[in-house]
Amino acid sequence: MKYMFALSCGVFFYCMVHMCLSLLFSKKIVLEQRLQHTCELNYQDMEDNELNTPFSERMLKPALNRLVNLFSMFIPQNSAAQDKLTQQLTLAEIRMSARNYSAAVLLFTTACVMVFALYGWVVGQSISKSVLFGFFGICTGLVMSRFQLKSKITRRQNEIYHQLPDTLDLLSVSVSAGLGFDQALSYVVKKSEGALIRELDTAQREISLGRSRKEALERLADRCGNLELRTFVSAVLQADEIGSSMQNILQIQASVIREAHKQNVEEKAQKLSVKMLIPLVLFIFPVMFIILLGPTVPSIIEALGGI
């Protein structure tokens, strides 16, 4: 009987202590339970996302990034060359630092050297041919990397040049409809897409985050590297400083840029007739001569032979 009474007292005391602690720390306990439940859900979501991620994103890309970081240690510190390369990467819209890009070029060149040297060894079975093919691999890696960067810059600048007249027309119409410049810029970004629209989106985000309009637009002109866009930015900034009507400035700039674009297209069309002479003389005229004069060649040879 004594033991039952002692056990009952212990259970009653435990229940009272547990109830008091629960009442005192109920909010903290509930909060910890919610945090634990949220962490478990996030962990499950991370596992599901990781399983749904492609193999290239899970394995190949991290391994390639480690190799790039390893090769970046061999890139010399040249501030002038790095600044020039950074500007070229910005014009090409490559989101990579100059040092990492140089490391990626070095990695690609090394891979080309290994492939060409192995091919030379398999073909010639000699060290001299392997060295020669390795030298060709160095040239191939450097030339292909340079050509890829230049082609991306040219393709992006052409895309920006052809998108500029329509974009400025839409921006001018939006301002004429009563929107402010920032609101019109946001509207154009939502309704269009392309390289120029992505840069306008970046400028609009910078303005929203607190950067001044002048600095954001100047950075926009530097990233695009387009003369017409730089002229447009200068006109907009000047109108903003002197308090001129933004609507008139946008209409004038849109019409001027569209007219310049039209004249450039007409100039290229006029040059086509001259450029067509090369394929005509090299490929079309010889075939026409063969078709027209071919049947008469035997008779001409017989006549000359009879003479």
*Count charges around LEU164 for me, please; just the other residues with Cβ under 13 Å from its Cβ, Lys/Arg as +1, Asp/Glu as -1.*
-2
*Shape box of region 212-271 [Cα atoms, principal axes, largest first, Å]*: 43, 26, 11
_With +1 on the Cβ of every Lys and Arg and -1 on the Cβ of every Asp and Glu, and nothing else charged, how large is the dipole of region 65-154 about its Cα centre, in debye rounded to the nearest 20?_
80 debye
*Among the listed pairs LYS214/LYS262; LYS84/LYS152; LYS150/LYS190; LYS150/LYS268; LYS190/LYS214, give every one whose C-alpha distance is greater than 25 Å.*
LYS214/LYS262; LYS150/LYS190
_Formal net charge of residues neighbouring SER255 (Cβ-Cβ distance under 15 Å; K, R +1; D, E -1)_ = -2
*Within region 191-248, which GluC sites (Glu not before Pro) sit in a loop by DSSP and count at most 12 neighbouring Cβ atoms inside 10 Å?*
GLU193
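Among LYS129, LYS271, what is the fewest-to-most ranking by other Cβ atoms within 10 Å?
Details: LYS129 16, LYS271 10.
The most exposed by this proxy come first: LYS271, LYS129.
Take each of the peptides 159-171, 286-298, average the number of other beta-carbon atoms within 10 Å over its residues, and list them starting from the highest.
Most protected by this proxy first, the peptides run 159-171, 286-298.
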_Backbone HN-Hα couplings from phi across region 244-251 [Karplus 6.51/-1.76/1.60, Hz, Gly and Pro as x]_ = 6, 6, 5, 5, 5, 4, 5, 5
*Mind putting together the pair-distance distribution for region 157-265? All Cα pairs, 5 Å bins, whole percent per bin, short to long.*
2, 13, 24, 29, 23, 8, 2, 0
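Only the coordinates and a few stated rules stand behind these numbers; no lab work does. None of the values given here were measured: they were computed from a predicted structure. Methodologically, a virtual Cβ is constructed for each residue, glycine included, from the backbone with ideal geometry; neighbour enumeration extends over all protein chains shown.
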